[in-house]
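In what follows, a structure is listed as structure tokens, so that the remarks can point back to it.
The values are calculated or read from the model by the stated rules, or taken from the named source; none is laboratory data. Keep in mind that what you see is a predicted model, and the values were worked out from it rather than measured. Every residue, glycine as well, gets a Cβ built from its backbone with ideal geometry; the counts of neighbours run over all protein chains shown.
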């Protein structure tokens, strides 16, 4: 089923497009966390970003499918609501840990450490969902080596931006935080895969997911960051700064949605490493926009070139590892197991695996759908008109170039999803 083509692209090809598009957007989403160096706590930064994430996550499903479709999809698979809430909680903890890591060891060191989540996801995919079972030795080698190459490249790219002793006195704490984020994010993909083997639409899954993430990060802030006296609530009274954190959350949501579709159509063993090419794009933002490599010596530039080449080869290896009929049969057995366990319709679940709607879901928009979109859009506009340029040195020409690349990748990825699956 994975190789059936419609509108000129196979499901494998669609998954690859989604994974690479996710990398472009996720790579741009971490820049606002540089504000952690402005005296705000990691909990405050995380809560404000997640507020932006919450706003965007409800907007996209409403805009693309409508709330009635989303809630009907959730109602058919009620057991997955708990899994979505759990995934959201894991994401919130991981996101908070990344802010601690950035504060203590810097983005360049922390980024590659938490991107080891692809190896954790590969492990869980194999153990829990029988991914790669029945695959040829060549394909197994491509996926495993591709994931290892991407992680190795991420480490090289991360260290390419270290000049001198950039780690603070809490370096060990920062490293532990980054590795903890990696574990949380790698495990978070387990609920993803359960949802998509059961036939749930990624847009429905993230709607419940966002409730878990916002509730968790709010709980962390209130319990560990001074309660109502947290600096987070000071940030909410600073719209000029808050806009950039909301924007970071918005960019993250776009990337994560494509990552969700990559996990659906490729599995977590293939989809997550491809989305982790975000390290390459994160480096591009750091080097071109923020000038992080302006004083780099030859050794550091060699790390940049070598890491970039390795990451490209890793992505190519995974992209060409098309699942065989035997491996697809193993995936179908995993779908059957989920259907038998929860009393789901196997035929509909298999149709959903192919990106085909089979339940006659109502996608008509109601007045409240438009109200949700208008409120979300209005929130961003209200914050944007009062935004102030962050006190960071930036090359605005490269900001424009990177913004154009984001727009192009969104157009390619979105159009591919629409033509092939109608965002299903």
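Condition check ((1) in contact (Cβ under 8 Å) with a residue 60 or more places away in the chain; (2) crowded, with 24+ Cβ neighbours inside 10 Å; (3) closer than 30 Å to residue 329 by Cα) across all residues:
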site: 67; (1), (2), (3): yes, no, no
site: 87; (1), (2), (3): yes, yes, yes
site: 105; (1), (2), (3): yes, yes, no
site: 119; (1), (2), (3): yes, no, yes
site: 127; (1), (2), (3): no, no, yes
site: 130; (1), (2), (3): yes, no, yes
Handout entry: Residue in segment 41-55 that is modelled with the lowest pLDDT, counting only those that are buried (at least 23 other Cβ atoms within 10 Å of the Cβ) and more than 14 Å from residue 91 (Cα to Cα)
Key = 42
Practice task
Could you check residue 206 against (1) surrounded by fewer than 23 Cβ atoms within 10 Å (Cβ to Cβ); (2) modelled with pLDDT under 90; (3) under 28 Å from residue 351 (Cα atoms) and say which number it fails?
Solution key: (1)
Handout entry: Filter result for residue 100 (under 24 Å from residue 221 (Cβ atoms), in a helix (DSSP H, G or I) and within 17 Å of the chain's Cα centre (by Cα))
Key = no
Exercise for the section: Give me a count of the residues in segment 261-291 that are buried (at least 20 other Cβ atoms within 10 Å of the Cβ) and not in a helix (DSSP H, G or I). Expected result: 3
Problem - Hey, residue 109 modelled with pLDDT under 80 and in a helix (DSSP H, G or I) or not - result: yes
Exercise for the section: Kindly indicate whether any position in segment 223-230 is assigned to a helix (DSSP H, G or I), surrounded by 21 or more Cβ atoms within 10 Å (Cβ to Cβ), in contact (Cβ under 8 Å) with a residue 24 or more places away in the chain and touching a helix residue (DSSP H, G or I) at 6+ places or on another chain (Cβ under 9 Å). Expected result: no
Completion exercise
Scanning segment 281-316 residue by residue, those within 16 Å of the chain's Cα centre (by Cα) and at pLDDT 85 or above turn out to be 281
Practice task
Output yes when any residue across segment 367-376 is on the phi < 0 side of the Ramachandran plot, over 27 Å from the mean Cα position of the chain (by Cα) and exposed (fewer than 11 other Cβ atoms within 10 Å of the Cβ), and no when none is.
Solution key: yes
